[in-house]
1. Any chance the stretch 44-61 includes a residue that's modelled with pLDDT under 95 and either out of contact with any Lys or Arg (no Cβ under 9 Å at 6 or more places or on another chain) or part of a strand (DSSP E or B) (or both)?
2. Given the residues S74, S149, which is the only one that is farther than 24 Å from R197 by Cβ, out of contact with any strand residue (DSSP E or B) (no Cβ under 9 Å at 6 or more places or on another chain) and of a type in the set (S, T, N, Q)?
3. Which one of E94, E31, E65 is among the acidic types (D, E), closer than 30 Å to L141 by Cβ and either modelled with pLDDT of 95 or more or surrounded by fewer than 21 Cβ atoms within 10 Å (Cβ to Cβ) (or both)?
4. If you check I36 against the conditions, is it in contact with a Leu (Cβ under 6 Å, 6 or more places away or on another chain) and either surrounded by 20 or more Cβ atoms within 10 Å (Cβ to Cβ) or at pLDDT below 95 (or both)?
5. Of all residues in the stretch 21-43, count the ones that are out of contact with any helix residue (DSSP H, G or I) (no Cβ under 9 Å at 6 or more places or on another chain), in a loop (DSSP other than H, G, I, E, B) and over 14 Å from L4 (Cα atoms).
6. Just checking, does the stretch 155-177 include any residue being surrounded by fewer than 21 Cβ atoms within 10 Å (Cβ to Cβ), touching a Ser or Thr at 6+ places or on another chain (Cβ under 7 Å) and either at pLDDT below 95 or not acidic (D, E) (or both)?
7. Can you name every residue in the stretch 178-189 that is over 15 Å from K153 (Cα atoms) and buried (at least 22 other Cβ atoms within 10 Å of the Cβ)?
8. Which of the residues that make up the stretch 178-227 are within 11 Å of V35 (Cβ to Cβ) and among the hydroxyl-bearing types (S, T, Y)?
Amino acid sequence: MSTLLEVSGVTVSFDGFRAINNLSFQIGPAEMRAVIGPNGAGKTTFMDIVTGKTRPDEGHVLWGEKSISLIGMSEAKIVRAGIGRKFQKPTVFEEQTVQENLLMALRKDRGPLAVLIYKPSKADLEHVVKLAEEIGLADALLRISGEMSHGQKQWLEIGMLLAQDPRLLLVDEPAAGMTPAEREKTTAILVEAAKTRAVVVVEHDMEFVRRLNCKVTVLHGGAVLAEGSLDHVTKNQDVIDVYLGR
Ligand code: ADP
């Protein structure tokens, strides 16, 4: 299988403390991956490296068929290269409708508020309807985002990222604070998204990880402790020791 993102031998230190220690990670172009690990394992720093927020001290971060190095590239350029990141807290424009939020995401090139002034094209409106269907909000296009549930806002934000058509989507704890029904819908949205792009889900909730039904990478001490199916990694003695704090 071809590789979309290849992280190899990456090390990051903060004031002499190694937050990431010789980390290697690969993901293919239409692959779902869960990244788990206890607090302080390096999950956030890993995402910061891939999105250009943190520059590694050592190692390589290579992207796409041409294996372009992402190290030293600006965060904005990395977004344009096709890497989208969803933080835990949704950051939708609360006073705008679902449709307006999706249009803004779709036409970011015109500036975030320009769609409120310019008349969107028929193609843009059709694209927005398709995005709304992908995130289960087709019936909520004209709803004010701020009046929707936490889960619906999270889906809208996923839709706003999908509007940018990323080749890799990094999602931080998408199921946090959701009801079981919302979690199920979030799973379906992410599984669908991963059919055409790579999706990395950083998650604490093991039940949610089980539902994603994908390969799991366990981080600990800034390195990969185990990798494989959830059943495989949860039988690994090192993983058991780390999770039980032995
Ligand atoms: P996780 O997301 O898995 O909880 P992090 O990537 O946030 O882990 O952190 C990994 C380690 O690096 C932790 O020990 C954390 O305290 C440390 N760390 C992260 N960012 C910084 C920073 N900016 N300065 C100092 N230490 C940091």
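1. No: zero hits.
2. Among S74, S149, only S149 is farther than 24 Å from R197 by Cβ, out of contact with any strand residue (DSSP E or B) (no Cβ under 9 Å at 6 or more places or on another chain) and of a type in the set (S, T, N, Q).
3. E94
4. So I36 fails the test.
5. So the count comes out to 3.
6. Scanning the stretch 155-177, I find no residue that is surrounded by fewer than 21 Cβ atoms within 10 Å (Cβ to Cβ), touching a Ser or Thr at 6+ places or on another chain (Cβ under 7 Å) and either at pLDDT below 95 or not acidic (D, E) (or both), so the answer is no.
7. Answer for the stretch 178-189, where residues must be over 15 Å from K153 (Cα atoms) and buried (at least 22 other Cβ atoms within 10 Å of the Cβ): there is none.
8. T217
The values are calculated or read from the model by the stated rules, or taken from the named source; none is laboratory data. Just so it is clear, the structure is predicted and the values come from calculations on it, not from any experiment. Quick reminder, even Gly has a Cβ in these numbers, built from the backbone with ideal geometry, and neighbours come from all protein chains shown. Accessible surface is based on the protein model in full, side chains and every heavy atom, while ligands, DNA and RNA are left aside. Shrake-Rupley method; radii C 1.70, N 1.55, O 1.52, S 1.80 Å.
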